[in-house]
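What follows is a short report on a single structure.
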Amino acid sequence: MSNDSASFAPRPTAPDLAALLGPSKLPRVGTTIFTVMSALAAKHGAVNLGQGFPDFDCDPKLQRYFAEAIAAGHNQYAPMAGVPALRQAIAAKIARLYGRAYDAETEITITAGATQALMTAVLALARPGDEVIVLEPVYDSYVPSIELAGARPVFVPLDAARGYAPDWDRVRGAITPRTRALMINFPHNPTGRILREEDLRALEAIVESTGLFVISDEVYEHIVFDGQPHRSVATSPLLAERSVVISSFGKTFHTTGWKIGYACAPRALSAELRKVHQFMVFAVNTPGQHAVARYLEDAAPYQTLAAFYQAKRDLFVAGLARTRFRLLPCEGTYFVLADYSALSDLPEAEFAQKMIVDYGVAVIPVSVFYERPFEGRVVRFCFAKKDETLRAALDRLQAA
Ligand SMILES: Cc1ncc(COP(=O)(O)O)c(C=O)c1O
């Protein structure tokens, strides 16, 4: 055997390969703004409040559970739908919090984070030529998922003048005979908006009269502030019958790198979802699932999460009040939006770059969550950071 590379056919040059590849399946997808901003932040030594994940570690007990699951030999494929103990723990949590009894055996599927659950749900539901409604600003994975399914995204804006409230009349007005599903995300990234009781009622009326499916991304379900409840679509029997409800332990247990999430849906819908899941990942990492199942049995640790993040929100909001940023309301999630029109009239992307270079703080321009050209003057701060990180950012912003 020779390792002589000269015996292989010459490698095609880059243009040849591009020609062979032909049109991209996702022509508008490039490097995400999150990566671009983080690289720029690192270059300029900026405090990074852009990327949406904690800069602190998860509970050492949870880490120990993961290590012990490995030592106990949980190292082969998990069952396709997920480790039974984890599915049962999720079923118990949802029954307790939202009053919906999902069958752990047939209605709950463990996924590689919410991202996979979202893609799986869209691929299972949307057929070529279907339309799927999304609410703008929209989380960045929704539209590529819809496009890969051969379906068409239809954009309905949240009402920025009413605190980014969903405008259900506009949603209704966007529905056509081709509309298959509506994707929602509350608590909402990036606006921090939560659902009201009247939102659920309006959504029920739409679903009842149109037969639409709902894909409800509830990854921030445990991060709702000021004593408000999280109003899951699972609390509504009518909606739960037509919905895929998605969440993620990455947000809840500060373990975004573990990529463990789940999708709950009525049996017939879950069966379709699992057909896609089976050939997308087959199963999710086994020891992580055992660790999370054991942790969930402890003392419902998610119950303290809202207070934990509310303290961070309050620290950050109090500090930012001493700047010329104008904060917008933040009812949930670990993001807060701020209007900077008193500081600059630069467009958002340029202002976000200026913030890194001149102020030493990285943020995300809200325009990246819009499909259409967007004329706002609003940036997103992530406060899932150590208090010392938040204080360092505030010192810089107050000096700006
Ligand atoms: C609204 C929303 N949905 C889904 C995700 C992805 O979750 P996961 O990391 O579990 O895939 C995120 C992560 O930032 C998010 O903000």
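The values are calculated or read from the model by the stated rules, or taken from the named source; none is laboratory data. None of the values given here were measured: they were computed from a predicted structure. Methodologically, a virtual Cβ is constructed for each residue, glycine included, from the backbone with ideal geometry; neighbour enumeration extends over all protein chains shown.
Which one of these is out of contact with any Leu (no Cβ under 8 Å at 6 or more places or on another chain) and crowded, with 18+ Cβ neighbours inside 10 Å: 307, 299, 311, 352? It would help to see each step written out before you state the result.
Values: 307 fails: crowded, with 18+ Cβ neighbours inside 10 Å; 299 fails: crowded, with 18+ Cβ neighbours inside 10 Å; 311 fails: crowded, with 18+ Cβ neighbours inside 10 Å.
After applying the criteria, what remains is 352.
Looking for something over 24 Å from residue 155 (Cβ atoms) and of a type in the set (D, E, K, R) - is there at least one such residue anywhere in segment 336-348? Yes. Could you look through segment 325-348, keep only residues that are touching a residue at least 60 places away in the same chain (Cβ under 8 Å) and away from the ligand (no atom under 16 Å from the Cβ), and pick out the one that is surrounded by the fewest Cβ atoms within 10 Å (Cβ to Cβ)? The extreme case among them is 329.
Condition first: within 12 Å of residue 107 (Cβ to Cβ) and within 12 Å of the ligand (Cβ to nearest atom). Can you find one or more residues in segment 234-257 that meet it?
From segment 234-257, those within 12 Å of residue 107 (Cβ to Cβ) are 234, 240-241, 243-245; that's our starting set.
Retained after the next criterion (residues that are within 12 Å of the ligand (Cβ to nearest atom)): none.
No, segment 234-257 contains no residue that is within 12 Å of residue 107 (Cβ to Cβ) and within 12 Å of the ligand (Cβ to nearest atom).
Report, by residue number, each residue of segment 156-180 that is within 16 Å of the ligand (Cβ to nearest atom) and either out of contact with any Ser or Thr (no Cβ under 8 Å at 6 or more places or on another chain) or farther than 22 Å from residue 219 by Cβ (or both).
Let us first name the residues in segment 156-180 that are within 16 Å of the ligand (Cβ to nearest atom), namely 158, 164, 166.
The answer is 166, and nothing else.
Note on segment 76-87: among residues that are under 23 Å from the mean Cα position of the chain (by Cα) and in a helix (DSSP H, G or I), the one that is nearest to the ligand (Cβ to nearest atom) is 86. Is it true that residue 214 is free of Cβ contacts under 8 Å to residues at least 40 places away in the same chain, in contact with a Leu (Cβ under 6 Å, 6 or more places away or on another chain) and closer than 15 Å to residue 236 by Cβ? Yes; evaluated as a whole, the condition is true for this residue.
When residue 257 is tested against (1) surrounded by 16 or more Cβ atoms within 10 Å (Cβ to Cβ); (2) under 15 Å from the mean Cα position of the chain (by Cα), exactly one condition is not met: (1).
Residue 338: in contact with a strand residue (DSSP E or B) (Cβ under 6 Å, 6 or more places away or on another chain), assigned to a helix (DSSP H, G or I), among the hydrophobic types (A, V, I, L, M, F, W, C) and not assigned by TED's automatic domain parsing to the domain that holds residue 185, yes or no?
Details: in contact with a strand residue (DSSP E or B) (Cβ under 6 Å, 6 or more places away or on another chain): yes; assigned to a helix (DSSP H, G or I): no; among the hydrophobic types (A, V, I, L, M, F, W, C): yes; not assigned by TED's automatic domain parsing to the domain that holds residue 185: yes.
Taking the combined requirement at face value, the residue does not satisfy it.
Considered as a group, the residues in segment 192-208 that are out of contact with any Gly (no Cβ under 8 Å at 6 or more places or on another chain) and of a type outside the set (D, E, K, R) include one that is farthest from the ligand (Cβ to nearest atom), and that residue is 205.
Which of the following residues is without any contact (Cβ under 8 Å) to a residue 12 or more places away in the chain, among the basic types (Lys, Arg) and surrounded by 12 or more Cβ atoms within 10 Å (Cβ to Cβ): 11, 64? Before the answer, list the steps.
Details: 11 fails: surrounded by 12 or more Cβ atoms within 10 Å (Cβ to Cβ).
Going through 11, 64 in turn, just one is without any contact (Cβ under 8 Å) to a residue 12 or more places away in the chain, among the basic types (Lys, Arg) and surrounded by 12 or more Cβ atoms within 10 Å (Cβ to Cβ): 64.
The one condition from (1) farther than 15 Å from residue 138 by Cα; (2) at pLDDT 95 or above; (3) away from the ligand (no atom under 16 Å from the Cβ) that residue 211 does not meet is (2).
Report yes if residue 219 is in contact (Cβ under 8 Å) with a residue 60 or more places away in the chain, part of a strand (DSSP E or B), among the β-branched types (Val, Ile, Thr) and within 14 Å of the ligand (Cβ to nearest atom), otherwise no. Don't jump to the end; show me each part of the working.
Numbers: in contact (Cβ under 8 Å) with a residue 60 or more places away in the chain: yes; part of a strand (DSSP E or B): no; among the β-branched types (Val, Ile, Thr): yes; within 14 Å of the ligand (Cβ to nearest atom): yes.
For residue 219, the condition - in contact (Cβ under 8 Å) with a residue 60 or more places away in the chain, part of a strand (DSSP E or B), among the β-branched types (Val, Ile, Thr) and within 14 Å of the ligand (Cβ to nearest atom) - is not met.
To keep it simple, each residue is scored yes or no on (1) assigned to a helix (DSSP H, G or I); (2) away from the ligand (no atom under 16 Å from the Cβ).
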{"position": "89", "(1), (2)": "yes, yes"}
{"position": "92", "(1), (2)": "yes, yes"}
{"position": "97", "(1), (2)": "yes, yes"}
{"position": "101", "(1), (2)": "no, yes"}
{"position": "104", "(1), (2)": "no, yes"}
{"position": "110", "(1), (2)": "no, no"}
{"position": "115", "(1), (2)": "yes, no"}
{"position": "118", "(1), (2)": "yes, no"}
{"position": "124", "(1), (2)": "yes, yes"}
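Restricting to segment 258-276, count the residues that are near the ligand (Cβ under 9 Å from one of its atoms) and touching a strand residue (DSSP E or B) at 6+ places or on another chain (Cβ under 7 Å). Here the count works out to 2.
Right, residue 248: within 27 Å of residue 312 (Cα to Cα) and touching a strand residue (DSSP E or B) at 6+ places or on another chain (Cβ under 8 Å) or not? Against the criterion (within 27 Å of residue 312 (Cα to Cα) and touching a strand residue (DSSP E or B) at 6+ places or on another chain (Cβ under 8 Å)), residue 248 qualifies.
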